[in-house]
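Below: one structure, written as structure tokens.
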Amino acid sequence: MMHKRNSALLTWICHHAKAASLLLGLALLLLWPHNLGGDCGPNLHPFKGYSFLRSSIIKGNAAGAPYILGFDVLYERFGKQQTTMMQDNLDEWHTRYCSRAEKTDIYAVVYDWPKSDLEEVINAITVKNYGLSPYLRQNTFANYLYRNGCTETLRYLQYAKDCEPHVTSTDPWKETPSNTAILNSLIVRGRDEFMACNSHYIRLRYAYQIIRLAHYSKQYNRTVELYDWLMPKVDNDPSLIEYWILGHRAGALQALGRYAEAAYNYAQVFLHCPSKRESALQSFRIRSDEEWKQAYVLCRSNQERASLYAMRAYNDRSRALEEMEAIYVLDPKIEYLDVLLVRELRRLEKQLLGLEFNTKREQNRRYYKIPQPGIDDYLIQVQNFVQKINLEKKISNPELWAIAGAYLELVSGDFYAAQKSFARIEDQITDESLQEQLEIFKLAAQIGAYQQVSDDMEDEVALLMRSNDYFQRFPAKFLPFTRDKMGWLYRRYGMPGKAFLSHYPFRDLRINPQEIELNDLQAMLQQTRLNRMERNLLKQGDTLLTINDLHMLKATVLLDQYQMVPALEELKKIDRNVWSDYGVWAPFVERFHDCVNCPIRDTVTFLNRGEIIERMLDLEYRALANRLEGGGYFYQMGLAYYNMSYFGSAWPVMDNFRSGSSLKRRKSAKDPNVVIDERFSLGNREHFDCSQAMSYFGMARQFTNNRELAAQATFMAARCEQNNFYWKGGTRTYENFAILKRDYANTQFYARIVAECKYFQFYASR
């Protein structure tokens, strides 16, 4: 039976935690729009910054801690709030009944038992010779209530079970249904039971149910009136239920527009009831300075005043430093100060940390207005405040504030000063979590402090990346920070190739080659010795970037620019036997329909880039040597250039990537051959231009006496003309279609193409 009760407890916890998490998820998605992209897709401009703060430096149960620990922690905490409330409730039942019952048995009676079981215990108490069944007798809490004649407790639990369906929902997506008549009848019944009850503790519980019912039925005036009528009739015996009740009063006051009173009540809940802190903070509203003054006057202690300041400080638009200064004067040892300090550290590192070398600095400025104007001055103000506190030593956690002072130097970009400060305070730190945090900060300061590039420095950084314990444990923190810092240093010292590989894979450079980067990488690969960092940069997944890769890419770039001879010279720097390792194609295949991925006959000869260039040069030589019969040679060259463009099956000869959507998106690009693509840092360079092919088809028609060949060349020139319109835009022309119709209508090819090409068929029929 005990096992069964434990299982029931776990089931209840899991169910309600999931429901709470689901509701929170929906709420937070509405409240956090910045990291969400449109059309349910990814954000194309995500914020990029650095953070070395760990949530472990703040205890998870500290007041308001979830709000500074990040989205994931907040989500998790809200998901567990119902569970925490339930556990606090069970703890209080356990204490109130002298710890005479097992908590699992208390849970079973309070949350799990049906009313009929409770009624059986009441009958066993009130009806002579009724007795308690063996099933119920196994429960230690039921036994205690039976032996002590606690009928008031049992009747209250019956009442609470009648109320529960009207204030909770099993479906987190649906609002709890409200039947005003039923709710009112329950309120009246509860009030009668309240007055008849002798136990002030049970009276308090009745008051909670009654006031909750009124609040959930949106009878806000009645909620306040019931609170004012019921609570004076309960002895002042401290209980968490008082603050549960007060939270409902605060919600009703806020709904009535009495914001100052509501804020004061929420501050009391925030101060005294940890399980309700998140919901109090979420509900807290102060709309004006006048409302703030009214709420502040209501406070009866410095702790309450500090709580009010802390709750206002958690607002994203708050003047947090001013709130912290006020709290410090009221109570320097209150835990709010530590939480708010970490929150401000997180804000400042988001604004300023690594700003000098952040690769997305301009993007952050454009889309997130970060860094904000005046943030440098604010940083100095925070530093002065932290320095003052460290000197006065009145706070409860001096180790945290000592580390914070040094970290602010790191955030400001003064890495050298931060290193000295971390070394100075190292012996003062005894807390294990703070010791770990200090080591993380020290490593960040070390990386940030590098100012010159040398083999020794690069070897040192590479060793850190490979073997430092904190680097290995927290790669998400250190990798982007290190890569960006090294990239910045490489650019500063004229090493663009190494700078590029610090941020991006070589694949991105292949897709949109840049001469300056290629030349720098080539110079690096020609060195007799590579340091550890350089070897790391050259690792591309399971492969290693080689000098041959660079020669081949340079040759591809030259091909794209129609520089055949220089491209061949570049390829000759590579052993001819490995040319085919980089791919083979059939660019001289004749097709009258665009088909990029159609299979090619086995009888066709496939050629590598070098062989293609050699054949192209041979064709050009033959054509120029005998222009009277050069039409066929020019036609073959036109075919090759066409098939090596975006529209042909041999496109990889000139490009390293092709996207089917590029043609449509190209019109928004600044560079006519570069398509913006979020997958690649430099975009995607593709060879759209068919002008070279069209020129050779024109020469093929000019330098041939074969009318069938001339007709074929004219049709292919028309395809080039058409494709140039697709990617360039402008006015559509039909110059070559007109020539084909006018001069070659009596050819066999014309008859064939009219039959096969519906587009030309439509043109010819006009």
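Where a number appears in this text, it was derived from the coordinates with a stated rule and is not lab data. Quantities reported herein were computed from a predicted structural model and do not represent experimental measurements. We place every Cβ from the backbone using ideal geometry, glycine too, and count neighbours over all the protein chains shown.
On the first, second and third principal axes, largest extent first, how far apart are the outermost C-alpha atoms of the range 126-228 in Å?
Result, largest extent first: 46, 33, 20 Å.
If you take the Cα Rg of the range 471-582 and divide it by 2.2 N^0.38 Å, with N the number of residues, what do you get?
1.17
Amide H of GLN540 versus every other amide H placed in the peptide plane: which residues, excluding those fewer than 5 positions away on the same chain, fall under 5 Å?
When sequence neighbours closer than 5 places are left aside, the close amide H contacts are LEU545.
Got a sec? Charge dipole of the range 517-671, +1 on Cβ for Lys and Arg, -1 for Asp and Glu; which of PHE657, ASN626, LEU571 is way out at the positive end?
PHE657
Summing +1 for each Lys or Arg and -1 for each Asp or Glu, what net charge is found among the other residues whose Cβ lies under 13 Å from the Cβ of LYS741?
Net local charge, LYS741 excluded: 0.
As a footprinting exposure proxy, order ASP581, ASP235 by other Cβ within 10 Å, with the fewest listed first.
ASP235, ASP581
When you count, for each residue, the other Cβ atoms within 10 Å and take the mean per peptide, how do 753-763, 683-693 rank with the highest first? Numbers along the way, then the final one.
Working: 753-763: 14.0, 683-693: 21.9.
Top to bottom by mean Cβ count within 10 Å: 683-693, 753-763.
Which trypsin sites (Lys or Arg not before Pro) does the range 88-137 hold that lie in a coil by DSSP with at most 16 other beta carbons within 10 Å?
Counting only loop positions with at most 16 other Cβ atoms within 10 Å, the trypsin sites (Lys or Arg not before Pro) in the range 88-137 are ARG100, LYS128.
Just need the Rg to Rh number for the chain, please, alpha carbons only, Kirkwood Rh.
Here the Rg-to-Rh quotient is 1.15.
Which far-off residues, 5 or more places away or on another chain, put their amide H under 5 Å from the one on VAL675, with H placed in the peptide plane?
Long-range HN contacts for VAL675: ASN684, ARG685, GLU686.
Measure nothing but the geometry: give the 0 to 90° angle between the long axis through the Cα atoms of 415-425 and the longest principal axis through the Cα atoms of the chain, rounded to 10°.
It works out to around 30 degrees.
For LYS485, list the aspartates and glutamates whose Cα falls under 13 Å from its own Cα; do not include residues on the same chain fewer than 8 positions away.
Those aspartates and glutamates meeting the cut-off are GLU356, GLU458.
So how do 539-546, 187-194 stack up, highest first, on mean other-Cβ count within 10 Å? It would help to have the intermediate numbers written out before the result.
Values: 539-546: 11.4, 187-194: 18.0.
The packing order, highest mean first, is 187-194, 539-546.
With angles folded into 0 to 90 degrees, how steeply does helix 398-411 sit against the dominant principal axis of the chain? Use alpha carbons for both and round to 10.
20 degrees
May I ask you to sort ARG473, ARG719, ARG510 by Cβ crowding, counting other Cβ atoms within 10 Å and putting the fewest first?
ARG473, ARG510, ARG719
Can you list the chymotrypsin sites (Phe, Trp or Tyr not before Pro) in the range 464-505 that are in a DSSP coil and have 15 or fewer other beta carbons within 10 angstrom?
Passing sites in the range 464-505 are TYR493.
What nm distance separates the two modelled labels at GLU436 and ASP618, each placed 7 Å from Cα along Cα→Cβ?
The answer from the label model is 6.9 nm.
Classify the range 609-764 as rounded, prolate or oblate, taking a ≥ b ≥ c as the square roots of the eigenvalues of its Cα gyration tensor: rounded when a/c is under 1.5, otherwise prolate if a/b is larger than b/c and oblate if not.
Values: a/c = 2.54, a/b = 1.36, b/c = 1.87.
Here the range 609-764 falls in the oblate category.
Under a cut-off of 21 Å between alpha-carbon atoms, report the lysines in cross-link reach of LYS103, not counting same-chain residues fewer than 8 places apart.
Cα-Cα hits under 21 Å: LYS4, LYS80, LYS115, LYS161.
Counting only pairs 8 or more residues apart or on different chains, how many lysine pairs in the range 609-764 have their Cα atoms under 29 Å apart?
8
Using a cut-off of 25 Å between alpha-carbon atoms, which lysines can reach LYS293, once sequence neighbours fewer than 8 places away in the same chain are excluded?
LYS276, LYS333
Work out the length of the dipole vector of the chain about its Cα centre, built from +1 on the beta-carbon of each Lys and Arg and -1 on the beta-carbon of each Asp and Glu, and round it to the nearest 20 debye.
Value, rounded to 20: 1640 debye.
To test your reading of the geometry: what angle, between 0 and 90 degrees and rounded to tens, separates the Cα axis of helix 691-702 from the longest principal axis of the chain?
Around 30 degrees separate the two axes.
Ranking SER99, SER649 by Cβ neighbours within 10 Å, fewest first, what do you get?
SER99, SER649
Would you kindly state how much longer the chain becomes between THR543 and GLN472 on full extension, computed as 0.36 nm times their sequence separation minus their alpha carbon distance, in nm to one decimal?
Contour length minus Cα-Cα distance gives 23.3 nm.
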